[in-house]
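Student: Let me begin by handing over the structure; questions about it come next.
The values are calculated or read from the model by the stated rules, or taken from the named source; none is laboratory data. Keep in mind the model is a prediction, meaning the values are calculated, not measured. Cβ placement follows ideal geometry from the backbone for every residue including glycine, while neighbour counts extend to all protein chains displayed.
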Amino acid sequence: MIRGRFRAVAIACAAIALGSAQSALPQDTGLAVPSAADFGALPIVSAPAISPDGKLIAAKGNVGGVPMVLIIGLPVSATTLQKIKVPSDHTLEWIRWAGDRRVLVSMSRTDKIFGQEVRLTRLLMWDLDTNASFWLGPRDQGLDGDDLIHIDPAGRFVLLSAQAGIFEYPGVYRADLMTGKSTRIVPPRDYVWSWYSDNKGVVRAGVATMGTKWWVYYRDGDSKVFERTKQRTFSVSDTVIDRFLPIAGSDSGFAIAAGTSGRFGLYRYDFKADSLGERVYENPIVDIDDFDLDRDGKVESISFIDDKPEILWLDPALQRFQARLDRALPGNINRVISSDRTKNRLVVWSGSASEAGTYLLYDRTTNTMEPIAEMYDRLRGKRLATMEPVRYKARDGLEIRAYLTLPAGREAKGLPLVVMPHGGPFARDSWGYDVWAQYLASKGYAVLQPNFRGSTGFGSEFVMKGVGQWGRGMQDDIDDGVKWLAAEGKADAKRVCIMGASFGGYAAMWAAVRNPELYRCAISFAGISDVDAMLRYDQKAMTATRYFRDWRARVQGDKKFELDQISPIKQVNKLKVPILIAHGDKDRNVPMSQSKQLHDELLRIRRAHEYVIYPGEGHGLTDPAHATDFLVRIGKFLDQHNPS
């Protein structure tokens, strides 16, 4: 069955020579409209990574709704497959290679500590030669068990930052991938939650945080002693340093940091002097997301998202390759997502908002590409809608970036609208294929996806405008997008619904409470009904990542502010518009109780609503039957309450 799907892609897609350009296809409104089942069919393959020797690909897989790790032999036309099932009580997070024949797999699950639900992550190693697998790290661990800080290129060991218990600070463990034995090589230090290794596997730095204070421990070699640098103070508005990367044999390295502009860029960092150095790159509009180094420790590429995802290659050869790739596949986002150690074999993803995407294998020695897998083969030859970046002003004059998807074959005038805020909320939407947006557009709806204040990627100042604005300024921005689109004449102000997942689900719930005059209905998947309970559950405040040093402060704002004032469950008597509530009963990000308790309260006050729980599902829907069922329910719910 799986092999047949790969062969079908190979037949449907001829090998592409990068010297030949192809024209983009116009949107064809005469094509068949995809069904809910077409949209609900999950990708058989996602996030493929090529092995260092270029002979295998490891990828996330979904086979009959069962999540698996897939190992795909190359060339794809003569593929052999290996697979390992993910335990039913675990969620597959990510996959990485350790050498040519070992695979690292991050998984998460839910547990309870002192009666409180918590999310745990753990790291599994799978040896393809022996078929042996075992969990890495100390026997007893805290919450975060997949904080990988170095992988030995030969696949002999990894370095893992891990707690020896929930009340311990993390130390660094060297996990032997032959035996599975983990040995602590750097003991915990008070208040240090983040450890950093250089590109040769030497632990060089740790970042400590205590209240509003933070400082760095640094050493210049494996045999040296960590020395504490100067102490700094940060407030909730401080997001200066995102992360470090030391370079072997040097006291310098790189850091992603917010400069004077407030946008995150790439800088050199002097660990000895504990200071930012020369700016390597800063985008004039948006934050950078990541960067990659070559084997010599030089910056190879920098990635960021403006209106669309982009990559800046510093390697001239890869710059030329990207240009040829974009000419061969015009109109698409074309990204190298993985490469072998020689950079001769590259895994490329190519797709757009109206093309779900295909994974391709490019061979530099032959200058050809062959398909690996088409993400959603049931959509081939069927009509999808276009998405365009738009801008509008919020009521206080702040510019809000958003994405507008319009139904194919209909005039953009007086359309029924579904506004769909993203999750997070400290995240962002981007241009690209979105299954919910496409399904709604296929039903005749315009779809607006606003990057409200607090969304990441647009500089720290924009993020900080979201501090203390859950259910307040963030919600205003969402509402203002509806009013703007109606004023433009594209949307019918009397036919508007709101839909979202996670924080977007919260925004939908809250809109039903706060603005019943604006929305005819609301749809929430994995939404948050009790903000205070959610903040007690979530553990992001324990890390010093870019935007989450103090998540509670970012949500609450004024310490005297009562979170019940922005919690739908605490204002349930005001919820009078029709609402559809859905959740997975194995959700490890937002507990199912967040939806069930709202359901129970609505039953208590005898308020009509729709409620569905999907068994075995987490923070998304991985079973095609469930994904399809949810779309069908959405379609029927909208037909009843906001017909197109």
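Student: If I ask for residues that are modelled with pLDDT under 90, among the basic types (Lys, Arg) and closer than 22 Å to residue 139 by Cβ, which ones from the stretch 85-124 would you list?
Tutor: 109, 112, 119
Student: Residues in the stretch 247-263 that are under 22 Å from residue 198 (Cα atoms), hydroxyl-bearing (Ser, Thr, Tyr) and assigned to a loop (DSSP other than H, G, I, E, B): how many?
Tutor: So the answer is 1.
Student: Can you tell me which residue in the stretch 502-523 is surrounded by the most Cβ atoms within 10 Å (Cβ to Cβ), limited to those that are more than 27 Å from residue 585 (Cα to Cα) and not polar (S, T, N, Q)? Steps first, please.
Tutor: Pass one, the stretch 502-523, residues more than 27 Å from residue 585 (Cα to Cα): 514-520.
Within this subset, residues satisfying the condition of being not polar (S, T, N, Q) are 514, 516-520.
Working: 514: 21, 516: 14, 517: 6, 518: 18, 519: 26, 520: 18.
So, considering only residues that are more than 27 Å from residue 585 (Cα to Cα) and not polar (S, T, N, Q), the one surrounded by the most Cβ atoms within 10 Å (Cβ to Cβ) is 519.
Student: Taking the stretch 84-118 only, how many residues are assigned to a strand (DSSP E or B), surrounded by fewer than 20 Cβ atoms within 10 Å (Cβ to Cβ) and among the basic types (Lys, Arg)?
Tutor: Adding up the residues that qualify gives 4.
Student: Which residue out of 564, 639, 629, 600 is in a helix (DSSP H, G or I), at pLDDT 95 or above and over 24 Å from residue 378 (Cβ atoms)?
Tutor: Working: 564 fails: at pLDDT 95 or above; 639 fails: over 24 Å from residue 378 (Cβ atoms); 629 fails: over 24 Å from residue 378 (Cβ atoms).
Testing whether each residue is in a helix (DSSP H, G or I), at pLDDT 95 or above and over 24 Å from residue 378 (Cβ atoms) leaves just 600.
Student: Suppose the filter is closer than 18 Å to residue 270 by Cβ, modelled with pLDDT under 90 and not polar (S, T, N, Q); does residue 198 pass it?
Tutor: Judged against the criteria, residue 198 is not a match.
Student: For the structure I just gave you, tell me whether residue 423 is on the phi > 0 side of the Ramachandran plot and not hydrophobic (A, V, I, L, M, F, W, C).
Tutor: Here the answer is no, as residue 423 does not meet what is asked.
Student: Now for a separate question. Would you check if residue 441 is crowded, with 24+ Cβ neighbours inside 10 Å and over 22 Å from the mean Cα position of the chain (by Cα)?
Tutor: yes
Student: Select from the stretch 623-640 the residues that are among the β-branched types (Val, Ile, Thr) and crowded, with 21+ Cβ neighbours inside 10 Å and list them in ascending order.
Tutor: Once the filter is applied, which keeps residues that are among the β-branched types (Val, Ile, Thr) and crowded, with 21+ Cβ neighbours inside 10 Å, the stretch 623-640 yields only 634.
Student: Here is a further query. Within the stretch 471-478, identify whether any single residue is part of a strand (DSSP E or B), at pLDDT 95 or above and not acidic (Asp, Glu), and answer yes or no.
Tutor: There is no residue in the stretch 471-478 that is part of a strand (DSSP E or B), at pLDDT 95 or above and not acidic (Asp, Glu).
Student: Let me ask something else. Please find, among 280, 336, the residue that is hydrophobic (A, V, I, L, M, F, W, C) and buried (at least 19 other Cβ atoms within 10 Å of the Cβ). Even if it seems obvious, please write down each step before you answer.
Tutor: On the way: 280 fails: buried (at least 19 other Cβ atoms within 10 Å of the Cβ).
Within the list 280, 336, the selection yields 336.
Student: Now a separate question. Would you tally the residues in the stretch 288-318 being loosely packed, with under 15 Cβ neighbours inside 10 Å, part of a strand (DSSP E or B) and free of Cβ contacts under 8 Å to residues at least 12 places away in the same chain?
Tutor: 0
Student: Follow-up question, since we're still on this one. Please give the strands (runs of 3 or more DSSP E) falling wholly within the stretch 368-428 in which 1 or more residues are under 20 Å from residue 449 (Cβ atoms) and β-branched (Val, Ile, Thr).
Tutor: Passing ranges, in order: 386-393, 399-406, 415-419.
Student: Quick check on this structure: which one of 190, 242 is part of a strand (DSSP E or B) and among the acidic types (Asp, Glu)?
Tutor: After applying the criteria, what remains is 242.
Student: Of the residues that make up the stretch 484-495, is at least one surrounded by fewer than 24 Cβ atoms within 10 Å (Cβ to Cβ), part of a loop (DSSP other than H, G, I, E, B) and free of Cβ contacts under 8 Å to residues at least 24 places away in the same chain?
Tutor: The answer is yes; a qualifying residue exists.
Student: Does at least one position in the stretch 603-618 carry a residue that is part of a loop (DSSP other than H, G, I, E, B) and buried (at least 19 other Cβ atoms within 10 Å of the Cβ)?
Tutor: Yes, the stretch 603-618 has at least one match.
Student: Under 6 Å by Cβ, and 6 or more places apart or on different chains, what pairs join a residue from the stretch 592-615 that is under 20 Å from residue 109 (Cβ atoms) and in contact (Cβ under 8 Å) with a residue 40 or more places away in the chain with one that is part of a loop (DSSP other than H, G, I, E, B) and among the aliphatic types (A, V, I, L, M)?
Tutor: Here the result reads 594/528, each pair linking the stretch 592-615 to a residue that is part of a loop (DSSP other than H, G, I, E, B) and among the aliphatic types (A, V, I, L, M).
Student: If you go through the stretch 165-180 one residue at a time, do you hit one that is basic (Lys, Arg), without any contact (Cβ under 8 Å) to a residue 60 or more places away in the chain and assigned to a loop (DSSP other than H, G, I, E, B)? Steps first, answer last, please.
Tutor: First, pick out the residues of the stretch 165-180 that are basic (Lys, Arg): 174.
With without any contact (Cβ under 8 Å) to a residue 60 or more places away in the chain added as a condition, the list becomes 174.
Then keep just the ones that are assigned to a loop (DSSP other than H, G, I, E, B); that gives none.
Within the stretch 165-180, none of the residues are basic (Lys, Arg), without any contact (Cβ under 8 Å) to a residue 60 or more places away in the chain and assigned to a loop (DSSP other than H, G, I, E, B).
Student: Do we have any residue at all in the stretch 449-470 that's within 26 Å of residue 33 (Cβ to Cβ) and either at pLDDT 95 or above or part of a strand (DSSP E or B) (or both)?
Tutor: Taking every residue of the stretch 449-470 in turn, at least one turns out to be within 26 Å of residue 33 (Cβ to Cβ) and either at pLDDT 95 or above or part of a strand (DSSP E or B) (or both).
Student: Restricting the search to the stretch 119-138, which residues are under 27 Å from the mean Cα position of the chain (by Cα) and not in a strand (DSSP E or B)?
Tutor: 136, 137
Student: Can you name every residue in the stretch 319-345 that is under 26 Å from residue 55 (Cβ atoms), in a strand (DSSP E or B) and in contact (Cβ under 8 Å) with a residue 24 or more places away in the chain?
Tutor: Matches in the stretch 319-345: 335, 336, 337, 338, 339, 345.
Student: Moving on to the next point. Which numbered condition in (1) more than 30 Å from residue 262 (Cβ to Cβ); (2) crowded, with 19+ Cβ neighbours inside 10 Å; (3) modelled with pLDDT under 95; (4) under 23 Å from the mean Cα position of the chain (by Cα) is the only one that residue 549 fails?
Tutor: Residue 549 satisfies all of (1) more than 30 Å from residue 262 (Cβ to Cβ); (2) crowded, with 19+ Cβ neighbours inside 10 Å; (3) modelled with pLDDT under 95; (4) under 23 Å from the mean Cα position of the chain (by Cα) except (1).
Student: Given 259, 201, 265, 277, which one is within 30 Å of residue 155 (Cα to Cα) and out of contact with any Cys (no Cβ under 6 Å at 6 or more places or on another chain)?
Tutor: 201
Student: Consider the stretch 32-73. How many of its residues are of a type in the set (Asp, Glu) and farther than 28 Å from residue 381 by Cβ?
Tutor: Qualifying residue count, the stretch 32-73: 1.
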